[in-house]
């Protein structure tokens, strides 16, 4: 397999944050008397905007309430994540390895730009990436391939020479739509059984297993 570029999802892939997102989201929903989100539902929809996920479980939620929930969650998550989130133990090791082997690296995530850049800078990981594409940079979120194509354009690499690594069905679907190879790590909230249904090219226990497939 001739791979020149590797595109990483952010939450649940590079950063151990999905459980914190789940915790803060449910605390916020509880404050508004709304149904809570099950971990597996959040894991399966990871990559979609938060408002879409809330609408899935609160079908009749009014738009003004939805916006209040979104804003409160975002404010609370920015505070909580500063204390609780951190990269997976394998994250910097694999990034150092790939960087040393001259792979082109990018982040492609539906998370807003502010927390993504903050965490990459806080943990000294930003230096490894030539492109950082967030939800603020595109009109269409995963499973749309838009952010993948945008990253590949910056990296100047063909889709046939690229691999996306994520932790959710949305990552696999976006990768297939873009014509890139797909790999998933079982470090998010989505079960291996659910990920297998998407038929990714590779299923990994952690990011270090990338060494085996490259």
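Points to keep in mind about this one:
- Gyration tensor verdict on the stretch 20-68 (Cα atoms; rounded if a/c is under 1.5, prolate if a/b is larger than b/c, oblate otherwise): oblate
- For the stretch 77-142, the spread of Cα positions along each principal axis, largest first, Å: 33, 31, 17
- Shape index of the stretch 13-131: Rg/Rh, with Rg the Cα radius of gyration and Rh the Kirkwood radius from the inverse mean 1/r over Cα pairs, equals 1.03.
- At q = 0.21, 0.22 Å⁻¹, base-10 log of I(q)/I(0) for the stretch 170-214 (Debye sum, equal scatterers on each alpha carbon): -0.67, -0.73
- Cα convex hull volume per residue for the chain (Å³): 107
- Packing around the peptides 173-182, 192-201, taken as the average count of other Cβ atoms within 10 Å per residue, puts them in this order, highest first: 173-182, 192-201.
- Once the Cα atoms are used to define both axes, helix 63-84 deviates from the longest principal axis of the chain by about 60 degrees.
- Helix 146-155 axis, angle to the chain major axis (alpha carbon atoms, nearest 10°): 40
- In plain terms, the chain from residue 40 to residue 196 could stretch by 54.7 nm, reckoned as 0.36 nm per residue minus the Cα-Cα distance.
- 0 to 90° range, to nearest 10: angle between helix 91-100 axis and the chain longest Cα axis: 30
- Scaled against the 2.2 N^0.38 Å expected of a compact globular protein of N residues, the Cα radius of gyration of the stretch 131-214 reads 1.05.
- Packing around the peptides 28-40, 52-64, taken as the average count of other Cβ atoms within 10 Å per residue, puts them in this order, highest first: 28-40, 52-64.
- Taking other Cβ atoms within 10 Å as a rough exposure proxy, 164, 114, 20 sort from fewest to most as 114, 20, 164.
- Helical runs assigned H by DSSP (4 residues or longer) give the chain a calculated mean residue ellipticity at 222 nm of -13500 deg cm²/dmol, each run adding -39500 (n - 2.57) before division by the residue total.
- At q = 0.14 Å⁻¹ the log10 of I(q)/I(0) for the stretch 35-94 amounts to -0.52, computed by Debye summation with a single uniform scatterer per C-alpha, solvent ignored.
- Among 97, 77, 128, the order by Cβ neighbours within 10 angstrom, fewest to most, reads 97, 128, 77.
Quick note: the coordinates plus some simple rules give every number you see, no bench work behind them. Note that the structure is predicted; figures quoted are calculated from it, not measured. All Cβ positions, even for glycine, are placed from backbone atoms using ideal geometry, and neighbour counts span all protein chains on display.
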